[in-house]
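Asks: Sharing a structure, written as structure tokens. Questions coming.
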Amino acid sequence: MNSNRVFLSFVVAALLIAAPDADAVFPTVALKAVCLQQIHSPTTITFAPGGSGRLFVCDQPGKIYIIQDGMLLPTPFLNIASPSNVLVSDRGPGPAVTQTTGYSERGLLGLAFHPGYSNPLSPGYRKFYVNYNKDYQPGIDPPPPVADHTPNCATVIAEFTVSATDPNLAVLASERRLLVFTQPQSNHNGGQLEFGPDGFLYVGCGDGGSSNDNNVGHTGGSGSRPTTNLGNGQDKTTYLGKILRIDPIDPDGGGPLTYAIPSSNPFFNDVTPGLKKEIYAYGLRNPWRFSFDQRAGGTNRLFCGDVGQGRIEEIDLIVSGGNYGWRYKEGVEFPSFSVGSPVPAGTVIDPIAMYAHVGVVTNPVLPQLGLSVTGGFVYRGAAIPALQGKYVFGDYGSTSGASDGRMMGLEETAPGSGVFTLNQAIPFLGTANPIVGQRILGLGEDESGEIYIGMKTNSGVLLLDGGRPAGGIFKIVPVLSNTAMLPPAKDNTIFSEPNSPPFMGISGYASDAQGYLYAGRTGTAHGPFLRRALIRFDVAEQVPTGAVIQSAQLQLRITRLGPSAFGQTLALHRLSETWGEGFSMNAGGQGFGATATTDDATWVRRFFNTSSWTTAGGTFATTASATTPVSSVFVAFNSTTQLKADVQGWLNTPASNAGWILRGDEVVDEAVCQFSSLQQGISPPALSLSFDYAQPLTHREAWQRAYFLVGQFVDDFADLDGDGIVSLIEYAYGFSPLTANSQTAGLQASSEVMGTDTVFTFTFRRDPEASDLTYTLQSSGDLESWTDIVTSVAGADPTGSGYVGENDIIGELPKRLVTAQETLPTETNPNRYVRLRVSRAP
């Protein structure tokens, strides 16, 4: 053979005042990290119609990223970040406001794709909309409604178009600004964009910032902060403190409006001078995330989280023309700053759910749960049936300085009743809720209706965490339940007496690694001496990582009993030091130990004859993990809190797994028990477990996370370690993509002349767990016409005319080495080229 070449291809409402004990029943779910340490502050998570499976994430500094095939694409879909951002790596062409490492509520806040985005016949084809803040430009931007201040910034609702040739890239120059209005202060910008079931675009607008809705730039307000002013929330001549509804498609290609106002808007026919006919609902302080329940089975209702001021957070059901009370009311309280501003009778809609800030006692009393509500979604996905129809939302954190976001939920007491029960902390498998170390910024959906959470470990927009961006995307995934029965990985018995038989030598150096197990005290005819059994189970190898143990039971079969053993107590203790199992064996099975062999556990040594127990007789927890009385045949240590904790600890930290020590009665003579062991008897010890776990990572995900950040983009065709083997082939071989290997390490060929024929032998590495790969070994005599010799489709066993067999790669299980052969007449074609073609299905 003259050449060894490797080629590849890639295939690619009523009021709820919830008491602390009134939680709705929500299923336990799990959080799966999707993307970590690559996004600063995820404000919006959404999808584009069309079935591409892509997830779009707004990063507050001004970039929209795409997560595709589980990886964050390195090139932003859209970049409007400021050229003056404090971090050079996060700069862009603008016009979004400048961001620093400090806290800010300004930036890129909303994204929505037109319902006709993927339909060439729709006027919304390839169009999407963003909501962002930019610096205020006098003479260019509209002036503030009242000329009593200089605006802090301006909100822009803009349309962009995606490239006709690259679906992962927006055309920056295509920006068309639909609506621009000023913000008097830097906070309370709202920012949500969402298309409703009616096809119109809904826009969330905060009250303009500051507090009390009565500062400069707020209707009737000023620097003196009067208590009798109307405020932006109640003034229908301003966009602030509202949810707007428009048809974003330019109706005529000209002015004065570059969008249309639906005639069904509640105030469309109102002739009040200056009234904004775009208003759909008002009286809101800072609607931070709203969504329609518009998927199959949904009600089309609009749920909104409205951020409170200093006391109450609320969830509202938004209806056309609805007034939600701000600044007259915060929740159902009348704050002191609203004195002198009576609520118009019958005009205010109360929240469907409320809760208080931590440390705040309200009237009526509300549970103290958080700081700033983050609206969410009614779950209509398919992966978690028990979550169907429930509203999932969150809270930023308990206090301004804490990173402990809380995920909550609402469940309607009866369909259409408008009465909801609050779940104060959705149960997460293996994750505390509140989620320690994370702030909840936003929730989102993919095209299938599965819910995602955008989180952040700190408060500064560009503030790093460990030198990397502090934001993360997590997916709510189902919890699975399973059971397992584990055999021992090893077991042994240690003896307090001298080596026996003969009864001589130094005490504590007997063992019985291959014999029966013993526990208890012997009689005076032989001693009395003590026996203790050691048992260890490889929990981490047989239970999924991250599982939560629900029950654990150890069963032992008794094969013989001492005269005083029946009814005595057996105790199981967690060992804190590891130990060994050699080849010692008392062939007689009479309960006497044998001379210890290398690495055997004895009464004195953990490993004979090198390492001693800290405490002779085994080093173990003083308190028993479980106890049980001695019976005639089987004994069972039933599940206890400590027994489960032992197993959970071994699963979470496999290095801590030293197993258990079994002790019988060590006071009463002739109370020794004999048990079947792994090597002796008909029923070895068995550990029965039930556990809950999240769906395991795919093999590809596990491979990527072993070498890269969670969700980091890995180019299948990149050669990251410079060894001439691209990443896809490194994955196919089971190699590290970051450590150089010989180019022939995974694919080799040789030839041998046998008579008039030449036998070509080819070998290549294969990872049977890589079920997303198809391996095809091909040969050619001219590098033009190729013949398939062996094929392994999606992790299946190899087949083909040239397949000879495959063998385990010792020390690298489950990797395999495939062997193939091709026999050709030597005179016909003495040269042969071979290539391994690998295709991956995302």
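The values are calculated or read from the model by the stated rules, or taken from the named source; none is laboratory data. In this text the structure is predicted, and so the values were computed from the model without any measurement. Quick reminder, even Gly has a Cβ in these numbers, built from the backbone with ideal geometry, and neighbours come from all protein chains shown. Ligands, DNA and RNA are stripped out before the accessible areas are found, and what is left, the full protein with its side chains, is counted by its heavy atoms. Shrake-Rupley method; radii C 1.70, N 1.55, O 1.52, S 1.80 Å.
Asks: Calculated from DSSP H runs of 4 or more alone, at -39500 (n - 2.57) each and per residue, what is the 222 nm mean residue ellipticity of the chain, nearest 500?
Replies: -1000 deg cm²/dmol
Asks: Something else: What FRET efficiency comes out for the pair Thr622/Thr698, r = Cβ-Cβ distance, R0 = 56 Å, nearest 0.05?
Replies: For R0 = 56 Å, the calculated efficiency reads 0.80.
Asks: Quick one: accessible area per residue over the range 773-837, 1.4 Å probe, rounded to a whole number of Å²? Spell out each step's value before the answer.
Replies: Values: 3360 Å² over 65 residues.
With the other protein chains kept in place, the range 773-837 gives 52 Å² per residue.
Asks: Let me ask something else about it. Rounded to a whole number, what is D in µm²/s for the range 457-573 from Stokes-Einstein with the Kirkwood radius over alpha-carbon pairs (10 °C, 1.306 mPa s)?
Replies: The estimated diffusion coefficient comes to 82 µm²/s.
Asks: Now, a different point. Check the straight Cα-Cα distances from Lys490 and name the aspartates and glutamates below 16 Å, setting aside those fewer than 8 residues away within the same chain.
Replies: List returned: Asp512, Asp538, Glu541, Glu577, Glu581, Asp599, Asp600.
Asks: Give me the 1.4 Å probe accessible area per residue for the range 315-417, excluding ligands and nucleic acids, in Å².
Replies: For the range 315-417, the per-residue accessible area is 34 Å².
Asks: Let me know the charge dipole size of the chain about its Cα centre in debye, to the nearest 20, where only the beta-carbon of Lys, Arg (+1) and Asp, Glu (-1) is charged. Each step should come with its number before you reach the end.
Replies: Values: 53 positive and 75 negative charges, 234 e Å.
Once rounded to the nearest 20, the dipole reads 1120 debye.
Asks: Using a 1.4 Å probe over the heavy atoms of the protein chains, calculate the carbon and sulfur portion of the accessible area of the range 715-778 as a whole percent. Could you put the intermediate results ahead of the total?
Replies: Numbers: 1190 of 2460 Å².
For the range 715-778, the apolar C and S fraction of the accessible surface comes to 48 percent.
Asks: Which percent of the Cα-Cα distances in the range 374-487 go past 26 Å?
Replies: In whole percent, the long-distance tail amounts to 27.
Asks: Continuing with this model, one more query. Find which of Ala645, Pro151, Leu728 sits farthest along the positive direction of the dipole of the chain, computed with +1 on the beta-carbon of Lys and Arg, -1 on that of Asp and Glu, about the Cα centre.
Replies: Result: Pro151.
Asks: Here's a follow-up. Which residues in the range 814-834 have a backbone N closer than 18 Å to a point placed 7 Å from the Cα of Ser750 along the Cα-to-Cβ line?
Replies: In the range 814-834, the label zone of Ser750 (backbone N under 18 Å from the point 7 Å along Cα→Cβ) covers 817-824, 832-834.
Asks: Let me know the charge dipole size of the range 267-364 about its Cα centre in debye, to the nearest 20, where only the beta-carbon of Lys, Arg (+1) and Asp, Glu (-1) is charged.
Replies: 180
Asks: If you place +1 on the Cβ of every Lys and Arg, -1 on the Cβ of every Asp and Glu, and leave all else neutral, what size is the dipole of the range 348-469 about its Cα centre, to the nearest 20 Debye? Display every interim value, and only then the final one.
Replies: On the way: 6 positive and 10 negative charges, 57 e Å.
Dipole magnitude for the range 348-469 comes out near 280 debye.
Asks: Under the Karplus relation 6.51 cos²θ - 1.76 cosθ + 1.60, θ = phi - 60°, what is the ordered set of whole-Hz ³J(HN,Hα) values for the range 676-690, x standing for Gly and Pro?
Replies: Coupling constants for the range 676-690: 4, 10, 4, 9, 10, x, 9, 9, x, x, 9, 9, 9, 10, 10 Hz.
Asks: Where in the range 744-758 does the amide nitrogen come within less than 18 Å of the point 7 Å from the Cα of Gln821, taken along Cα to Cβ?
Replies: Hits in the range 744-758 for Gln821 at 18 Å: 748-758.
Asks: Let me ask another. What percent of all Cα-Cα pairs in the chain falls in each 10 Å bin, counting up from 0?
Replies: 2, 11, 17, 17, 15, 14, 12, 8, 4, 1, 0, 0
Asks: Hey, another quick one. Gain in length, Ser89 to Ile810, computed as 0.36 nm per residue apart minus the alpha-carbon separation, to one decimal in nm?
Replies: 255.1 nm
Asks: R0 = 35 Å: FRET efficiency of Ala740 with Leu169, Cβ-based, nearest 0.05?
Replies: The formula returns an efficiency of 0.55 here.
Asks: Next question. At 1.4 Å probe size, with the rest of the protein present, what percent of the exposed accessible area of the range 62-176 is carbon and sulfur atoms?
Replies: 57
Asks: Collect residues whose amide H, placed 1.01 Å from N in the peptide plane, falls under 5 Å from the amide H of Gly442; neighbours closer than 5 in sequence don't count.
Replies: Counting only residues 5 or more places away or on other chains, the set is Gly454.
Asks: So between Tyr707 and Ser771, what do we pick up on full extension, going 0.36 nm a residue minus the alpha carbon distance?
Replies: Details: separation 64, 0.36 × 64 = 23.04 nm, distance 1.93 nm.
Here the answer is 21.1 nm.
Asks: Could you give the Stokes-Einstein D for the range 270-367 in µm² per second, using the C-alpha Kirkwood radius, 37 °C, 0.692 mPa s?
Replies: Estimated via Stokes-Einstein, D reaches 224 µm²/s.
Asks: If you take the Cα Rg of the range 751-842 and divide it by 2.2 N^0.38 Å, with N the number of residues, what do you get?
Replies: Its radius of gyration relative to the 2.2 N^0.38 Å reference: 1.15.
Asks: Another question, if that's okay. DSSP loop trypsin sites (Lys or Arg not before Pro) in the range 346-421 with at most 12 other Cβ atoms within 10 Å of their Cβ, which ones?
Replies: Here no trypsin sites (Lys or Arg not before Pro) fit, given the DSSP loop and packing criteria.
Asks: Could you compute the FRET efficiency for Arg225 and Asn119, with r as their C-beta to C-beta distance and R0 at 56 Å, rounded to 0.05?
Replies: 0.65
Asks: Grab the alpha carbons of the range 333-401, take their convex hull, and tell me the volume per residue in Å³.
Replies: 143
Asks: Of all accessible surface on the range 544-698 at a 1.4 Å probe, what whole percent is carbon and sulfur?
Replies: On the way: 3470 of 6680 Å².
Carbon and sulfur: 52 percent of the exposed surface of the range 544-698.
Asks: How many Å² of accessible area per residue for the range 421-561, probe 1.4 Å? Present the calculation step by step, with values, prior to reporting the outcome.
Replies: On the way: 4960 Å² over 141 residues.
Computed with neighbouring chains in place, this is 35 Å² per residue.
Asks: For the range 695-808, count the residues as N, evaluate 2.2 N^0.38 Å, and divide the Cα radius of gyration by that value, please.
Replies: Against the compact-globule rule of thumb, the ratio is 1.22.
Asks: Greater than 23 Å separation of Cα atoms is the criterion. Which listed pairs, Lys242/Lys277; Lys127/Lys475; Lys276/Lys390, meet it?
Replies: Lys127/Lys475; Lys276/Lys390
Asks: Using amide H atoms built 1.01 Å from N in the peptide plane, name the residues 5+ places from Val171, or on other chains, whose amide H lies under 5 Å from its own.
Replies: Residues meeting the amide H criterion: Thr161, Val162, Ser163.
Asks: Which translational diffusion coefficient, to the nearest whole µm²/s, is obtained for the range 143-240 from the Stokes-Einstein equation, given a Kirkwood hydrodynamic radius over C-alpha pairs, 37 °C and 0.692 mPa s? Don't skip to the answer; put the middle values down first.
Replies: Details: Rh = 15.1 Å.
Approximately 217 µm²/s, per Stokes-Einstein.
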